[in-house]
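Single-structure report; data block below.
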Amino acid sequence: MLPVGVAAVRSTRARFHSFRRWNALQRRVRLFSWLLLDRDSAAELRSDTAQRALLDEHHRLTERIAEEDTRLGVHSAVLALTGRTVGGVGTGITYVALGLMLVAGWMPLAAGAGAVLAVQTAQTALTRFTDTAHLVYEHAMWVDDLLAFQERCRGLQPRRRELTAPRTVGTIELRNVTYSYPGKDSPALDGVSMTLRAGETVAFVGVNGSGKSTCSKVIAGLYDPEAGAVRWDGVVVAEMDAESVQARVSMVLQDPLHYPFSALANVTISRGTLTEAEPDKALEAVVASGADRVIAGLPGTWTTLLSKRFRGGEELSAGQWAKIAVARGLYKNAPVLLLDEPTASMDPKAEHAVYQAVLHDTRRPDRITVLISHRLASVVDCDRIYVFDNGRITESGSHQDLMELGGSYAEMFTLQAEGYQVRTGKEAS
Ligand SMILES: Nc1ncnc2c1ncn2[C@@H]1O[C@H](COP(=O)(O)OP(=O)(O)OP(=O)(O)O)[C@@H](O)[C@H]1O
Ligand SMILES: [Mg+2]
């Protein structure tokens with residue numbers, strides 16, 4: 001039975017490792033299937049004439065999966081055959097030896113029959129034993145994998161702590177904050193320090209990839225700094241319960257999520273519920289963001305499903321989605337509001353209205369607002385502007401201060417302002 005058992009164990013190990021390869025391939029296949037079938041990618045795929053290339057890759061991957069299956073099947077069959085052949089030869093030798101002993105008269109016939117019976121009984125018992133041992137071994141490998149996965153997940157769970165975030169936030173202080181994304185050599189934030197006070201609106205500006213969005217996520221407690229600290233009213237954020245911190249922050253992300261829910265739920269989900277809503281507050285939020293007219297134009301107004309994936313669902317334009325996202329952020333009415341290029345896809349009138357609503361929101365005079373924008377005209381009225389470059393703050397101050405400084409902010413601002421002047425000049429001529 002030993003060769004059969006060894007073959008079974010080796011076959012199990014091969015199946016386990018093959019499954020890992022198979023699974024990675026299967027996930028890639030699913031990615032290509034999704035890209036080829038999803039409505040969001042359809043137009044761009046056609047315009048890039050990329051369908052054929054994606055389909056070919058899909059075929060290539062499915063062929064590799066079939067090859068992997070075949071390889072495993074052949075490998076397992078060869079192992080089983082080898083195990084059984086060696087085992088069979090062993091059993092054969094035993095019977096031949098018994099036969100010879102009987103013929104030579106070394107063993108009485110009754111003892112020979114008893115020996116055959118004993119061999120058969122032992123073989124049945126050993127088969128049962130190796131089958132069970134093999135099953136335990138196979139399951140142990142999967143359980144081991146599951147435990148390692150659970151351990152990894154535990155490290156990624158939001159922090160649970162006794163200490164919760166304050167209801168109102170007086171100051172947010174960043175001291176020498178450094179943050180690197182996993183696997184990256186250079187830090188996305190490198191020794192950033194700033195103090196934000198209740199009632200202030202500050203702006204983050206800077207070139208693409210300079211660290212603005214990362215800094216807003218560090219302020220929001222979504223990322224913990226690897227060096228330095230973020231303090232809310234003197235308490236280190238990394239020591240507070242993560243969910244309680246996030247409950248105090250409204251974030252309008254650069255690329256907001258399009259929830260496949262009703263228009264109402266798309267606004268009210270920011271308070272963490274799909275079943276409760278304060279209609280008057282939701283209305284206030286959509287009026288402030290300009291989404292009221294978007295919702296009024298929908299066939300079922302507030303109850304319209306915002307997803308074309310489902311029958312009767314509606315799709316919005318990028319700017320209309322942006323207005324819904326801003327409304328979602330305002331509806332939460334949290335003491336910290338982080339807006340990451342919220343108006344990049346809005347028309348000029350809508351953009352102006354949003355900034356007026358955010359900068360002059362009387363509902364929360366104590367709010368700390370951080371505004372990230374590439375359109376520098378919209379940050380002119382902010383209390384302070386931080387200029388980011390390569391993960392560092394290179395300039396800070398009011399618009400006036402930075403213009404007088406004549407640094408990169410003044411250069412960027414003048415460049416944008418000149419763009420408008422040139423066009424006006426041409427039109428006049
Ligand atoms: N999820 C991520 N994983 C790894 N690296 C990231 C991730 N997000 C951003 N980065 C890197 O961190 C750096 C800062 O990115 P960040 O998104 O903060 O820039 P940004 O100033 O907001 O740029 P933009 O103006 O383009 O929005 C960049 O070099 C970027 O490549
Ligand atoms: Mg960004």
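The values are calculated or read from the model by the stated rules, or taken from the named source; none is laboratory data. Treat the numbers as computed from the prediction; the structure is a model and nothing was measured. Here the Cβ positions follow ideal geometry from the backbone for every residue, glycine too, while neighbour counts run over all protein chains shown. All accessible areas refer to the heavy atoms of the entire protein, side chains included, with ligands and DNA or RNA removed. Shrake-Rupley method; radii C 1.70, N 1.55, O 1.52, S 1.80 Å.
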**Report entry** Subset of segment 191-210 [open to solvent by 10 Å² or more (accessible area, probe 1.4 Å) and among the small types (G, A, S)]
**Finding:** G191, S193, A198, G199, G209
Query raised in the report: Just to be sure, is G221 assigned to a loop (DSSP other than H, G, I, E, B), outside the structural domain of F19 (by TED's automatic domain parsing) and open to solvent by less than 30 Å² (accessible area, probe 1.4 Å)?
Result: yes
Query raised in the report: Restricting the search to segment 1-55, which residues are closer than 26 Å to F310 by Cα and in contact (Cβ under 8 Å) with a residue 40 or more places away in the chain?
Result: R39
**Report entry** Unmet criterion (only one of (1) over 26 Å from T195 (Cα atoms); (2) open to solvent by 10 Å² or more (accessible area, probe 1.4 Å); (3) more than 16 Å from ligand 1 (Cβ to nearest atom); (4) in contact with a helix residue (DSSP H, G or I) (Cβ under 6 Å, 6 or more places away or on another chain)) for I295
**Finding:** (2)
Query raised in the report: If you check D185, D255, which single one turns out to be open to solvent by 60 Å² or more (accessible area, probe 1.4 Å), more than 16 Å from ligand 2 (Cβ to nearest atom), part of a loop (DSSP other than H, G, I, E, B) and not hydroxyl-bearing (S, T, Y)?
Result: D185
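Of these, E404, E315, E341, which one is farther than 20 Å from K212 by Cβ and within 29 Å of the chain's Cα centre (by Cα)?
Sole residue among the options that is farther than 20 Å from K212 by Cβ and within 29 Å of the chain's Cα centre (by Cα): E315.
Tell me which residues, restricted to segment 258-276, are in a helix (DSSP H, G or I) and polar (S, T, N, Q).
Within segment 258-276, N266, T268, S270 meet the criteria.
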Requested in this report: For segment 187-208, enumerate the residues that are among the hydrophobic types (A, V, I, L, M, F, W, C) and within 12 Å of ligand 1 (Cβ to nearest atom).
Outcome: A188, L189, V192, F204, V205, V207
Report task. Report yes if some residue within segment 140-152 is modelled with pLDDT under 95, under 25 Å from A227 (Cβ atoms) and open to solvent by 90 Å² or more (accessible area, probe 1.4 Å); otherwise report no. Result -> yes
Requested in this report: Scan segment 234-242 and give yes if some residue there is away from ligand 2 (no atom under 16 Å from the Cβ), more than 28 Å from Y179 (Cα to Cα), more than 19 Å from the chain's Cα centre (by Cα) and not in a loop (DSSP other than H, G, I, E, B), otherwise no.
Outcome: no
Query raised in the report: Any chance segment 163-186 includes a residue that's within 12 Å of ligand 1 (Cβ to nearest atom), more than 19 Å from P335 (Cα to Cα) and of a type in the set (A, V, I, L, M)?
Result: no
Report task. May I ask you to list pairs of residues, at least six apart or on different chains, whose Cβ atoms are under 6 Å apart, with the first in segment 184-212 being of a type in the set (D, E, K, R) and the second being within 10 Å of ligand 1 (Cβ to nearest atom)? Result -> D190/G391; K212/F204; K212/G206; K212/I372; K212/F388
Query - Sole exception among (1) closer than 30 Å to V387 by Cα; (2) without any contact (Cβ under 8 Å) to a residue 12 or more places away in the chain for T171, by number - result: (2)
Requested in this report: Would you check if A43 is open to solvent by 70 Å² or more (accessible area, probe 1.4 Å), part of a helix (DSSP H, G or I) and among the small types (G, A, S)?
Outcome: yes
